[in-house]
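*Asks:* So that we are looking at the same thing, I have put the structure below in C-alpha cells.
Where a number appears in this text, it was derived from the coordinates with a stated rule and is not lab data. Just so we're clear, the structure is a prediction, and the values are computed from it rather than from any experiment. Cβ atoms come from the backbone with ideal geometry, glycine included; neighbour counts cover every protein chain shown.
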Amino acid sequence: MTAMLLPFLLSMLSPVALAPISTAQETGPGVSPEDIWSVEYANQIFPWGPHGDFDQLQFRSYHDYFSMKERMQTLAAYHPDFLQFHEGLLGGVNARGDEMTSDEYKGWFYNHPSPWIKITGNVQGGEFNDFNGDDGNYADRPDVMLVGNHHAREWMSYEVPMFFLETIAFYYGKAGIDNDGDGKIDEDGWDGIDNDGDCLLLNATNQDSNGDGTPCGPGDLGVDEDFSEQFITDLVNTREIYLIPMLNVDGNRYDREEYCGETAWENCRTSGWRKNLRDNTHTGTT
C-alpha cells in the first residue's frame, strides 16, 4: 500500500516549495513555462479553496494548529461521502498495563486533542470501530496511516499530509481534467518521469524548477503534471486511510508561539523545540 502512495506523495509534494516560475531567470534555448502550460500551473496555483488564508491554502505559508483543524473540518463537511473528521487518539493498553484514553494523549499544556481524518469511499458505511470511533471499516480494505509532526519543530511534516488531503478532496470522483492546461489529458502520471517530454522543451534554467540539481526530475514542472484522477478515486475506494497531520500539537504550538516564533528559521538560536510538553519528571516543568 505504501508503494502505491509514494509516487503520489513525492510527485505532488515536491512543487510545494516552489517560488512562482515566472520570476525565474530564463537562459539558453527553449521555451518558458507559460508557453507550454496554463498560467496557473506554471506558477503552481492550486485549484482548491477559497475558504481560509490564501497563502496557507496555496502552501506559500505554514498552517498553524487552528487553521489546519478548521481546514480539515471544512473539507470533511464538504465531502462527507469519503472524509470523516475526528479528534483524539486512544492508546489502548501500554507496556505498563495502563489503559490509555484520549485524555492521556491530548496535549498536557494546551489541552488540544490531535485532529485526524478518516478517508475511504462511503466512509459513512461499513462497520463502526468502537476503539477509534470511526465508521467506514471494510474487511477487504487495508489500513494506511499517514502521520505528521512527531517532532514539534518539523513544520513541513504536517504540510505534507495537508497537501495530500487537499489533493484527495479536490480530485476524488473526477476524471478527464487537463491539470496543466496544455490541451491533453492524463498524459503524464505519477512515476517520476517526464513521459510527454514537455519539461525537456524548457530552457535549461527552468528544467530544474525545484532546485534539487536534477533537471526534469521528480517534482520539477512538467514531470507527473497531468495525472489520472481515476487513480485517486480508486486509491481512496480500496483503502482506509488515517490521516493525522499534527500529532504533537502541544509542542508545535509552543515552538511557534513561545520558543522560537514564526520566523524560527531566521532568528532562532537553537534548532527549535522538539518534544511535547508532558511533565514526565513531575517537577512542574517539561
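*Asks:* Based on the alpha-carbon gyration tensor of the chain and its eigenvalue square roots a ≥ b ≥ c, which shape applies: rounded if a/c is under 1.5, prolate if not and a/b is larger than b/c, or oblate?
*Replies:* Verdict is oblate for the chain.
*Asks:* Roughly how many debye, to the nearest 20, is the charge dipole of region 145-229 about its Cα centre, given +1 on each Lys and Arg Cβ, -1 on each Asp and Glu Cβ, and no other charges?
*Replies:* 460
*Asks:* Three principal axis extents, largest first, for the C-alpha atoms of region 62-106, in Å?
*Replies:* 41, 27, 14
*Asks:* Given Cα pairs under 8 Å that are at least 6 residues apart, what percent is the relative contact order of the chain?
*Replies:* Relative contact order for the chain comes out at 25 percent.
*Asks:* Also, quick follow-up: Can you give me the long-range amide H partners of Asn203? Hydrogens built in the peptide plane at 1.01 Å from N, cutoff under 5 Å, separation of 5 or more residues or another chain.
*Replies:* Val31
*Asks:* Take each of the peptides 101-107, 140-146, average the number of other beta-carbon atoms within 10 Å over its residues, and list them starting from the highest.
*Replies:* 101-107, 140-146
*Asks:* What is the Rg over Rh value, at two decimals, for region 226-286, using alpha-carbon atoms and the Kirkwood definition of Rh?
*Replies:* Rounded to two decimals, Rg/Rh equals 1.26.
*Asks:* Quick check: net charge around His86, other residues with Cβ under 9 Å of its Cβ, Lys/Arg +1 and Asp/Glu -1?
*Replies:* Charge balance near His86 sits at -1.
*Asks:* Turning to a different aspect of this structure: Among Gly136, Trp116, Ile177, pick out the residue whose Cα is farthest towards the positive end of the charge dipole of region 2-249, where Lys and Arg carry +1 and Asp and Glu carry -1 on C-beta, about the Cα centre.
*Replies:* The one lying farthest along the dipole's positive direction is Trp116.
*Asks:* Let me ask another. About the Cα centre of the chain, how large is the charge dipole given +1 on each Lys and Arg Cβ and -1 on each Asp and Glu Cβ? Please answer in debye to the nearest 20.
*Replies:* 1240
*Asks:* Stretched out fully, how many nm does the piece from Arg274 to Ser61 gain, at 0.36 nm a residue minus the Cα gap?
*Replies:* Here the answer is 74.6 nm.
*Asks:* Order of Leu243, Leu90, Leu83 from fewest to most other C-beta atoms within 10 Å?
*Replies:* Leu90, Leu243, Leu83
*Asks:* Then there is this: So who's got an amide H within less than 5 Å of the one on His112, skipping anything under 5 residues away but keeping other chains? H placed 1.01 Å off N, in plane.
*Replies:* Here the answer is Gly107, since their amide H atoms fall under 5 Å of that of His112.
*Asks:* Rounded, prolate or oblate: pick one for region 160-286, where a ≥ b ≥ c are the square roots of the eigenvalues of its C-alpha gyration tensor, a/c under 1.5 means rounded, and failing that, prolate if a/b is larger than b/c, else oblate.
*Replies:* Here region 160-286 falls in the oblate category.
*Asks:* Where the eigenvalues come from the Cα gyration tensor of region 101-171, what are the semi-axes √(5λ) of the equivalent ellipsoid, largest first, in whole Å?
*Replies:* Values for region 101-171, descending: 24, 19, 10 Å.
*Asks:* What residue among Ile241, Gly222, Thr263 has its Cα farthest toward the positive end of the dipole of region 218-263, where the charges are +1 on Lys, Arg and -1 on Asp, Glu, each on the Cβ?
*Replies:* Towards the positive end, the residue furthest out is Ile241.
*Asks:* Shifting gears a bit: Would you list the membrane-span-like helices of the chain, meaning whole DSSP H runs whose alpha-carbon atoms span at least 15 Å along their axis and whose mean Kyte-Doolittle value is at least -1.0?
*Replies:* The answer, listed by residue number, is 2-13, 65-78, 156-171.
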